[in-house]
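Colleague: Please find one structure pasted underneath; my questions will follow.
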Amino acid sequence: MITCHLKYIIDPYQVPAFEAYGKKWIQIVNRLGGQHHGYFMPGEGANNIAFALFSFPSLADYEHYRNQLLTDAESIETFKAAEQNKCIISYERTFVRPVFE
């Protein structure tokens, strides 16, 4: 299993727009073969940092998902909406692997 950890710097005045973006991506990732673990929004502390985690069975499955995004109408629409409302300032993508008991 490979898990993608995303750290977002978001516009604190666009939190509702970013939440709507996140809810759409949860559905997209799950529909395209991944397992989304949710978005984690600012609470106490920094008001402009959010996280997301989602997993695929392998890096090859993740790459297949990335290729599907290029032609998936819903993902294209969701990317465009975030560009227009500018709710995301920047993001970092890191891949991690889980360790279970």
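The values are calculated or read from the model by the stated rules, or taken from the named source; none is laboratory data. Since the model is a prediction, treat every value here as computed from it, not as a measurement. Cβ placement follows ideal geometry from the backbone for every residue including glycine, while neighbour counts extend to all protein chains displayed. For the accessible areas, the whole protein counts, side chains as well, though only heavy atoms, and no ligand, DNA or RNA atoms are used. Shrake-Rupley method; radii C 1.70, N 1.55, O 1.52, S 1.80 Å.
Colleague: Before I look further, what does the range 11-73 give for accessible area per residue, probe 1.4 Å, in whole square angstrom? Before the final figure, lay out the partial values.
Modeller: Working: 3650 Å² over 63 residues.
Per residue, the range 11-73 has 58 Å² of solvent-accessible surface.
Colleague: From the mean inverse distance of alpha carbon pairs (Kirkwood) and the Cα radius of gyration, derive Rg over Rh for the range 11-101.
Modeller: On the way: Rg = 13.9 Å, Rh = 14.3 Å.
We get a ratio of 0.97 for the range 11-101.
Colleague: Please compute the modelled spin-label separation between Asp72 and Ile89, points set 7 Å along Cα→Cβ, answer in nm with one decimal.
Modeller: Spacing of the two 7 Å Cα→Cβ label points: 2.8 nm.
Colleague: Give the aspartates and glutamates whose C-alpha is closer than 20 Å to that of Lys23, dropping any in the same chain fewer than 8 places away, or say none.
Modeller: Qualifying aspartates and glutamates at Cα under 20 Å: Asp11, Asp72, Glu74, Glu77, Glu83, Glu92.
Colleague: Report, to the nearest whole %, how much of the accessible area of the chain belongs to carbon and sulfur atoms, 1.4 Å probe, protein only. Don't skip to the end; give the middle numbers.
Modeller: Numbers: 3520 of 6440 Å².
Taking all protein chains in place, the chain shows 55 percent carbon and sulfur surface.
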